[in-house]
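Structure record follows, encoded as structure tokens.
The values are calculated or read from the model by the stated rules, or taken from the named source; none is laboratory data. From a predicted model like this one, the values you see are computed outputs, not experimental measurements. Every residue, glycine as well, gets a Cβ built from its backbone with ideal geometry; the counts of neighbours run over all protein chains shown. We work out accessible area using only protein heavy atoms, side chains counted, and drop any ligands, DNA or RNA first. Shrake-Rupley method; radii C 1.70, N 1.55, O 1.52, S 1.80 Å.
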Amino acid sequence: MKQMIIEGNKTLTGEILIGGAKNSAVALIPASILADGKSILDNVPNISDRDALIDILEILNCDVTLDKDHLEIDTTNLKNTVIDEEHSRKLRASYYFMGALLGKEKYVEIYIPGGCNIGARPIDIHIEGFKALGAEVKTEGNKYILKADKLRGTDIYLRFQSVGATINLMFASVLAEGKTVIHNAAKEAEIENIADYLISMGAKIEGAGTDDITIYGVEKLHGGKITVIPDRIEAGTYIILGALVGKNLCIKNIIPKHLEALTSKLKDMASDITINKDNIVISKVDNLKPTNIKTLVYPGFPTDIGQPMAVLLTQANGTSLFEETIWENRMGHVPSLNKMGANITVKGMSSMTIGPSKLHGCEVVATDLRGGASLVLAGLTATGTTIINDVEHILRGYEDIDIKLKNVGAKIEIREI
Ligand code: EPU
């Protein structure tokens with residue numbers, strides 16, 4: 001088990017370089033299965049979810065070479081289409097092998113995926129879509145068996161704009177016969193990055209990033225090439241950190257357009273924020289205004305930034321209301337924040353924060369990835385020492401977090417216990 005120790009209340013200044021987007025990379029890596037031959041990915045983040053997906057590729061007998069953020073995946077020797085329970089359960093994104101292997105090999109055996117415990121996380125929309133394309137889907141205990149003689153393009157309406165289902169159905173349809181239209185598709189920035197990768201392999205896809213994505217099936221795909229877009233959630237987390245303890249903290253290598261829901265909130269709160277072409281500079285202010293936030297699908301306020309944002313609300317002068325609309329169990333960080341001195345009351349998927357609160361360090365537990373990130377921010381803001389247990393959750397999605405924070409003046413260590 002890993003533990004993080006933070007000596008808080010230090011002013012952070014300098015530059016934090018943002019890595020590739022976790023939620024893009026975790027789909028781009030499985031997407032490589034669809035190509036014949038070698039594909040190349042750059043700006044791949046150094047996170048444990050990446051390693052878990054590479055392990056699965058190796059089980060499938062792909063050849064994988066990783067050199068820093070440069071990843072090459074060769075599917076020439078692909079032979080296996082069965083992923084065991086242990087590897088399926090290591091992360092949520094293992095389910096992208098459903099669409100990718102079904103699309104390419106027309107057969108996959110895989111178990112219920114893992115991932116953060118932030119809600120029920122059903123995959124019924126994915127399954128309905130696979131069936132609409134002509135797949136037969138069987139379950140045996142925790143195992144899914146998906147197979148098809150042939151996949152045929154069709155019209156699929158998603159009852160919710162699910163990120164995962166949109167991506168998985170793109171994967172299953174790029175090699176299907178004829179035209180597929182995914183209606184009410186998710187519009188997250190990552191969807192366009194993934195479509196661009198498939199297009200680089202020779203796929204015919206129109207409308208990614210809009211409500212309707214049209215895919216014209218092709219017979220084969222060749223190796224592709226993509227650069228993973230910057231991680232807007234990692235960036236958002238550090239931007240909030242700048243508002244908490246920054247002095248001209250510069251968050252670099254970002255696409256500000258992807259962060260507009262957050263930056264407009266920070267402006268409403270009277271933060272000291274400057275938005276440049278590919279970076280944002282932010283400093284702490286004393287009279288932060290409270291605000292109300294409701295999470296929404298992209299381009300609304302991202303659910304994944306809700307938990308880091310909870311820390312900033314504890315520092316605002318007055319009462320802020322927060323409503324989560326995507327995941328029913330995304331308040332795991334609140335008991336720890338309250339233990340550190342916050343005044344947050346939770347009711348169902350909503351919370352009320354009365355600020356400002358003086359946070360003090362103590363021993364807390366990361367219950368999930370973004371909840372864990374919020375404890376890091378709280379620890380860096382608090383006086384005294386904060387010990388965060390179960391840091392593995394955080395390392396799933398924040399590359400080199402200790403190194404990046406040390407570089408801007410934080411006192412932070414990760415140790416094995
Ligand atoms: N949903 C269903 N049925 C489905 C699929 C989704 O009911 O078949 C529901 C979910 O239960 C949830 C909502 O639809 O209430 C949204 O789910 P979605 O499928 O959009 O989420 P996801 O693809 O499982 C991705 C990110 C999450 C992020 C959400 C929303 C990955 C690996 N995960 O999850 O990221 O919160 O989109 O933007 O891309 C994180 O990074 O911390 C994280 C949880």
Quiz prompt | Dipole-positive endmost among Gly37, Thr166, Thr76 within the range 22-227 (Cβ charges, Cα centre) | solution = Thr166
Quiz item: Using 1/(1 + (r/R0)^6) with R0 = 22 angstrom and r between the beta carbons of Thr65 and Asp400, what's the FRET efficiency to the nearest 0.05?
Solution: 0.60
Exercise. Show that you can apply the helix-only estimate: for the chain, add -39,500 (n - 2.57) for every DSSP H stretch of four or more residues, divide by all residues, and state [θ] at 222 nm to the nearest 500.
Key: -9000 deg cm²/dmol
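Quick one: dipole size for the range 22-227, taken about the Cα centre, charges +1 on Lys/Arg Cβ and -1 on Asp/Glu Cβ, in debye to the nearest 20.
Details: 23 positive and 31 negative charges, 82 e Å.
So the magnitude is around 400 debye.
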Self-check item: Amide H partners (placed H, <5 Å) of Val365, local residues excluded
Solution: Asn389
Self-check item: Exceeding the 21 Å Cα-Cα cut-off - candidates Lys267/Lys339; Lys294/Lys404; Lys294/Lys411; Lys339/Lys406; Lys106/Lys204; Lys79/Lys179
Solution: Lys267/Lys339; Lys294/Lys404; Lys294/Lys411; Lys339/Lys406; Lys79/Lys179
Self-check item: In Hz, Karplus ³J(HN,Hα) per residue of the range 61-67 (6.51, -1.76, 1.60; θ = phi - 60°; x = Gly, Pro)
Solution: 6, 7, 9, 10, 10, 10, 10
Quiz item: If you wrap the chain's Cα atoms in a convex hull and average its projection over all directions, what's the area in nm²?
Solution: 18.0
Exercise. For the chain, give the percent of accessible area contributed by carbon and sulfur heavy atoms, probe 1.4 Å, rounded to a whole number.
Key: 48
